[in-house]
Each structure stands twice: as structure tokens, then as C-alpha cells.
Amino acid sequence: MGRMKDIAIDLMSYEAGELDARGTLELFGTLIESGMAWTLQGSYGRTADELIHAGYLTRDGEVSEFADSMIEELTTA
């Protein structure tokens with residue numbers, strides 16, 4: 001139950017625009033890894049697919065090295 005509660009809180013934070021880039025990628029990584037990205041409303045699956053195709057997340061839900069470097073660049077700029 002604990003993990004589901006955390007995911008629900010993260011989803012609400014995402015919907016409210018309260019997650020930064022790292023938090024958003026980690027949330028979608030979790031959704032991809034668990035399979036939930038493909039069972040929630042369509043926008044979650046589409047966003048997950050876009051993040052994978054853009055190279056930010058792997059098909060396994062891992063944050064890519066490309067995404068890490070982009071986030072680091074944004075936070076140090």
C-alpha cells in the first residue's frame with residue numbers, strides 16, 4: 001500500500017504542476033516500470049511514450065544519461 005500511496009501523491013503533485021523535471025521523470029519512470037503508464041488515462045501513456053522517444057527515459061523506465069545531463073545543465077545554468 002505504501003508504494004501506491006506514494007504514486008498517488010506524486011500523480012496529484014504532477015497534475016498540480018508541483019514536480020520539477022527530475023520528479024516528473026522519476027514519476028513517469030515508475031509508471032512505465034510498473035505498467036501503470038499504459039493503464040491510466042491516455043495522456044499518461046502518451047507522455048510516457050514521448051519521454052521514451054525523446055530519449056529521457058528507457059523502455060524499462062530508467063532515467064537516461066541524456067536526461068541526467070540535460071537536468072544538470074538546466075540546474076547549473
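Before moving on, here are some points about what is shown:
- Only a single criterion out of (1) loosely packed, with under 12 Cβ neighbours inside 10 Å; (2) on the phi < 0 side of the Ramachandran plot is not satisfied by GLY17, namely (2).
- ALA21 within 28 Å of THR76 (Cα to Cα) and modelled with pLDDT under 95: yes
Results for (1) surrounded by fewer than 17 Cβ atoms within 10 Å (Cβ to Cβ); (2) in a helix (DSSP H, G or I); (3) aliphatic (A, V, I, L, M), shown as yes or no for each residue.
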{"site": "ARG3", "(1), (2), (3)": "yes, yes, no"}
{"site": "ASP6", "(1), (2), (3)": "yes, yes, no"}
{"site": "SER13", "(1), (2), (3)": "yes, yes, no"}
{"site": "GLY23", "(1), (2), (3)": "yes, yes, no"}
{"site": "ILE32", "(1), (2), (3)": "no, yes, yes"}
{"site": "LEU40", "(1), (2), (3)": "yes, no, yes"}
{"site": "PHE66", "(1), (2), (3)": "yes, yes, no"}
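- Residue check for THR75: surrounded by fewer than 16 Cβ atoms within 10 Å (Cβ to Cβ) and not hydrophobic (A, V, I, L, M, F, W, C): yes
- Taken as a whole, the condition of being over 19 Å from ARG3 (Cα atoms) and either within 13 Å of the chain's Cα centre (by Cα) or of a type in the set (S, T, N, Q) (or both) applies to ILE52.
- Residues (open to solvent by less than 100 Å² (accessible area, probe 1.4 Å), part of a helix (DSSP H, G or I) and either of a type outside the set (Phe, Trp, Tyr) or at pLDDT below 95 (or both)) located in segment 42-64: GLY42, SER43, GLY45, THR47, ALA48, ASP49, LEU51, ILE52
- Taking the numbered list (1) open to solvent by less than 60 Å² (accessible area, probe 1.4 Å); (2) over 21 Å from THR75 (Cβ atoms); (3) in contact (Cβ under 8 Å) with a residue 24 or more places away in the chain in turn, PHE28 passes all entries but (2).
- Annotation note: Cβ proximity below 6 Å between a residue of segment 36-49 that is free of Cβ contacts under 8 Å to residues at least 40 places away in the same chain and a residue that is open to solvent by 40 Å² or more (accessible area, probe 1.4 Å) and part of a helix (DSSP H, G or I) (sequence gap 6+ or interchain) occurs for GLY45/TRP38.
The values are calculated or read from the model by the stated rules, or taken from the named source; none is laboratory data. The structure presented is a predicted model; accordingly, all values stated were derived computationally and were not measured. Positions of Cβ are generated from backbone atoms using ideal geometry, with glycine treated the same way; all protein chains shown enter the neighbour counts. Accessible surface is based on the protein model in full, side chains and every heavy atom, while ligands, DNA and RNA are left aside. Shrake-Rupley method; radii C 1.70, N 1.55, O 1.52, S 1.80 Å.
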